[in-house]
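Participant: One structure is given below, represented as structure tokens, and several questions about it will come after.
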Amino acid sequence: MLSASIYADTNFVISPLDRRLFGTFVEHLGRCVYGGIYEPGHPTADAQGFRGDVMALTRELGPTIVRYPGGNFLSGYNWEDGVGPKDQRPTKLDLAWGTTETNEFGTNEFIDWCRAADIEPMFAVNLGTRGADEARCFLEYCNHPGGSHYSDLRRAHGYEAPHDIKFWCLGNEMDGPWQICQKTANEYGRIAQETAKAMRMLDRSLTLAACGSSQREMPTYAAWEHEVLNQCFNQVDFISLHAYFKNEADDIETYFTSLEDLNFFIKEVAAIADTVASQKRSTKRIMLSLDEWNVWYKARTPADLKGVDWAKAPPLLEEIYTFEDALIVGGALIVMMNNADRVKTACLAQLVNVIGAIFTETGGPAWRQTIFHPFALASRVGHGVVLQPRVQTEGYATAAHPFVPYLLSTVLHNPETGEAVVFALNRSTKEEMDLQIDLRGVGERLELRAATELHHADLKAINSKAAPDEVSPKANAQVSVEGSRVQARLKPQSWNVIHLAGG
Ligand code: AHR
């Protein structure tokens, strides 16, 4: 039996938690849009063709913001193709994914879907094949009330009120050789700066994110962030991070250290942003947008990555998630919450079918993948401020990480409701953990609202059409409360949520 302890005091706070940390991502890729959120003729589809079963699961998942329309797709996308009467929209080839895009679904349909799902839209402008001119026209279409060419075009398309989209990404993964019109850091930084400037001239209320590296392993990583921010520091609010985790060696102890790597990645990018700030003698702090993150390594063969014969919405990147992947997703959420002072936005990539939390059969049912559960639980109870606890735990070592704590945890306190939530991952695959939690300032007589665990004996267990709930959360009866102390018994390889009310 392992033993661990958490001591937290409501006086010691890391940061308020930004609810945009529970975002997701919808790209025109594979069956994410077509056959995912949109499938006219599906038995659950509404008049606009939005799948009702996917909408219901999305609401249950609880994302707060959703990034659109890409991804790699973005760098060849002309937004004008996706607005106006559907029968007049052009069919185009998508070079990024080797598929045919009908443009049946575009900006206005996506906004309608977001409003129906009660999720904030996050849009991105194409800085691959296009630039500042298209960005300003697109923004005028979306956010200007009326009386100008593009705003009146939107009104003519049936959208009298502006969409009022606040959060915009300036391109996508512009450092990647796979990107249509890849740029050097200097080229991209200049374009991002000038595009952001033009966009702000039109709408001063925007929040703008520049592209960071497409992964920490990129050869240009760190130098890219430094040069990009050197160019566009004054015009942007965020720099993006993309992180995809993998268990290629099939070694769970190493796989768990993806979470240490994510923590390093976040701290490093924040440090680079602050270095640029210091060089500019600025007190401004650039925030981090982890606007693509997830597990992704199984569906990466050429057949998974490119459509054949320019197919329409073929099944691409259809990762089937295991229980161990869900532990990584739950652990990544803990790491992000512990960095809530800098990570203010994050998007689980993606929502449905394409490395998705939700999986559908075209014409058939939809179900929750294993990774759905930690996200849904965290989004539901993730409110308030993140505390700075003192944690004691045993750990293990890998070649790259001399100490990997078995317990990975975060503690939230909601001053408005008086509630507290502890998220705890037991990374031992063999031993239970006796966890003692001492919470000061939440209340002298805590009450247990719920103790929930995500556990399965088989790390490779999956959810499927035949067994959609094989991996799903259960109540943990081995949690008790006495005064301001909590005692919990955590199963090996389990991700846990302990929800408390102050008394
Ligand atoms: O999310 C899948 C792809 O991963 C995105 O299109 C791209 O931005 C990233 O490389």
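Participant: Test of understanding: among GLY331, GLY356, GLY382, GLY364, which residue is under 30 Å from LYS465 (Cα atoms) and within 15 Å of the ligand (Cβ to nearest atom)? Let's see the steps before the verdict.
Facilitator: Values: GLY331 fails: within 15 Å of the ligand (Cβ to nearest atom); GLY382 fails: within 15 Å of the ligand (Cβ to nearest atom); GLY364 fails: within 15 Å of the ligand (Cβ to nearest atom).
Answer to the check: GLY356.
Participant: Which of the numbered conditions does ASN126 fail, given that it passes all the others? Conditions: (1) over 14 Å from LEU74 (Cα atoms); (2) within 16 Å of the ligand (Cβ to nearest atom).
Facilitator: Here ASN126 clears every test but (1).
Participant: Need pairs with beta-carbon distance below 9 Å; first residue more than 19 Å from HIS456 (Cβ to Cβ) and surrounded by fewer than 22 Cβ atoms within 10 Å (Cβ to Cβ) and within the stretch 484-503, second of a type in the set (Lys, Arg) and modelled with pLDDT under 95; sequence gap 6+ or separate chains.
Facilitator: Here the result reads SER484/ARG440; SER484/ARG445; GLY502/ARG445; GLY503/ARG445, each pair linking the stretch 484-503 to a residue that is of a type in the set (Lys, Arg) and modelled with pLDDT under 95.
Participant: Taking only pairs six or more apart or across chains, which ones have beta-carbon atoms under 9 Å, a first residue in the stretch 82-98 that is over 15 Å from VAL308 (Cβ atoms) and in a strand (DSSP E or B), and a second residue that is within 16 Å of the ligand (Cβ to nearest atom) and at pLDDT 95 or above?
Facilitator: Within 9 Å, the pairs are LYS92/GLY76; LYS92/TYR77; LYS92/GLU101.
Participant: Identify, from the list LEU316, LEU305, LEU333, the residue that is touching a Lys or Arg at 6+ places or on another chain (Cβ under 8 Å), in contact (Cβ under 8 Å) with a residue 40 or more places away in the chain and not acidic (Asp, Glu). Working first, answer last.
Facilitator: Numbers: LEU305 fails: touching a Lys or Arg at 6+ places or on another chain (Cβ under 8 Å); LEU333 fails: touching a Lys or Arg at 6+ places or on another chain (Cβ under 8 Å).
Among LEU316, LEU305, LEU333, only LEU316 is touching a Lys or Arg at 6+ places or on another chain (Cβ under 8 Å), in contact (Cβ under 8 Å) with a residue 40 or more places away in the chain and not acidic (Asp, Glu).
Participant: Another question, then. Residue check, GLU225 against (1) of a type outside the set (A, V, I, L, M, F, W, C); (2) open to solvent by 10 Å² or more (accessible area, probe 1.4 Å); (3) under 14 Å from GLY176 (Cα atoms); (4) more than 16 Å from the ligand (Cβ to nearest atom), all met but one. Which one?
Facilitator: Just one mismatch for GLU225, condition (2).
Participant: Going by the conditions given, is CYS169 within 16 Å of the ligand (Cβ to nearest atom), at positive phi and either at pLDDT 95 or above or of a type in the set (Ser, Thr, Tyr) (or both)?
Facilitator: No, not satisfied.
Participant: Would you tally the residues in the stretch 80-104 being within 16 Å of the ligand (Cβ to nearest atom) and open to solvent by less than 50 Å² (accessible area, probe 1.4 Å)?
Facilitator: Keep residues of the stretch 80-104 that are within 16 Å of the ligand (Cβ to nearest atom), which gives 94-99, 101.
Adding the requirement that they be open to solvent by less than 50 Å² (accessible area, probe 1.4 Å) leaves 94, 96-99, 101.
Final tally of qualifying residues: 6.
Participant: For the stretch 279-286, check the following and say yes or no: at least one residue is crowded, with 16+ Cβ neighbours inside 10 Å and within 16 Å of the ligand (Cβ to nearest atom). Can you show your working first?
Facilitator: Filtering the stretch 279-286 down to residues crowded, with 16+ Cβ neighbours inside 10 Å leaves 286.
Subset that is within 16 Å of the ligand (Cβ to nearest atom): none.
No - not one qualifying residue is present in the stretch 279-286.
Participant: Only one of these conditions is not met by ARG67: (1) over 26 Å from the mean Cα position of the chain (by Cα); (2) within 30 Å of ALA326 (Cβ to Cβ). Which number is it?
Facilitator: It fails just one condition, (1).
Participant: VAL442 - would you say it is outside the structural domain of PHE323 (by TED's automatic domain parsing) and not in a loop (DSSP other than H, G, I, E, B)? Show your work before the answer.
Facilitator: Details: outside the structural domain of PHE323 (by TED's automatic domain parsing): yes; not in a loop (DSSP other than H, G, I, E, B): no.
Judged against the criteria, VAL442 is not a match.
Participant: Of everything in the stretch 225-277, what is part of a helix (DSSP H, G or I), among the β-branched types (Val, Ile, Thr) and in contact with a helix residue (DSSP H, G or I) (Cβ under 9 Å, 6 or more places away or on another chain)? Give them in sequence order. Talk me through it step by step, then tell me what you get.
Facilitator: Going through the stretch 225-277, the residues part of a helix (DSSP H, G or I) turn out to be 225-232, 252-256, 258-277.
If we keep only those that are among the β-branched types (Val, Ile, Thr) too, we end up with 228, 252, 254, 266, 269, 272, 275-276.
Matches in the stretch 225-277: VAL228, ILE252, ILE266, VAL269, ILE272, THR275, VAL276.
Participant: Having 1 or more residues that are over 18 Å from ARG31 (Cα atoms) is the bar; report the strands (runs of 3 or more DSSP E) wholly within the stretch 330-370 that clear it.
Facilitator: Working: elements: 343-349, 358-360, 366-368.
Those strands (runs of 3 or more DSSP E) span 343-349.
Participant: Out of all the residues in the stretch 44-71, which are open to solvent by less than 10 Å² (accessible area, probe 1.4 Å), in contact with a helix residue (DSSP H, G or I) (Cβ under 7 Å, 6 or more places away or on another chain) and of a type in the set (Val, Ile, Thr)?
Facilitator: Passing the criteria: THR58, ILE65, VAL66.
Participant: Right, TYR77: open to solvent by 10 Å² or more (accessible area, probe 1.4 Å) and within 16 Å of the ligand (Cβ to nearest atom) or not?
Facilitator: Values: open to solvent by 10 Å² or more (accessible area, probe 1.4 Å): yes; within 16 Å of the ligand (Cβ to nearest atom): yes.
Spelling it out, TYR77 is indeed open to solvent by 10 Å² or more (accessible area, probe 1.4 Å) and within 16 Å of the ligand (Cβ to nearest atom).
Participant: Determine whether LYS306 is away from the ligand (no atom under 16 Å from the Cβ), open to solvent by 10 Å² or more (accessible area, probe 1.4 Å) and more than 24 Å from ARG427 (Cα to Cα).
Facilitator: no
The values are calculated or read from the model by the stated rules, or taken from the named source; none is laboratory data. All of these numbers come straight from a predicted model, not from anything done at the bench. Don't worry about glycine lacking a Cβ; one is built from the backbone with ideal geometry, like all the others, and counts go over all protein chains shown. We work out accessible area using only protein heavy atoms, side chains counted, and drop any ligands, DNA or RNA first. Shrake-Rupley method; radii C 1.70, N 1.55, O 1.52, S 1.80 Å.
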